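The values are calculated or read from the model by the stated rules, or taken from the named source; none is laboratory data. Because the structure is predicted, anything quoted here is derived from the model rather than measured. Because the Cβ atoms are built from the backbone with ideal geometry, glycine has one as well, and the counts that use them run over all protein chains shown.
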Amino acid sequence: MAQTHRPKQPRVLVIGLDGATFRLIHPMIAAGQLPNLASLMADGVAGELRSTIQPSSEQAWSAFLTGQN
């Protein structure tokens, strides 16, 4: 039986570091303390979370996963 070749699907990896702002992360990357995260950020896209109304972790992660505030 012949194998069908499917086009590669784009892959997405989302990493959320609760409480770790870029103000904390960037100096650590510059100091060489987070080489793996630096590599992922260099080859990908990074952005800040616009939090939920009543910004708390539980609500923010639920909103992220469901797309609902």
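Every residue in the range 1-56 that is closer than 25 Å to ASN69 by Cβ, touching a helix residue (DSSP H, G or I) at 6+ places or on another chain (Cβ under 6 Å) and either in a helix (DSSP H, G or I) or among the β-branched types (Val, Ile, Thr) (or both), please.
Within the range 1-56, THR52 is the sole residue that qualifies.
Give me the residue from the range 1-35 that is modelled with pLDDT of 90 or more and farther than 28 Å from GLN59 by Cβ and, out of that set, surrounded by the most Cβ atoms within 10 Å (Cβ to Cβ).
Looking at the filtered set, the residue picked out is ILE29.
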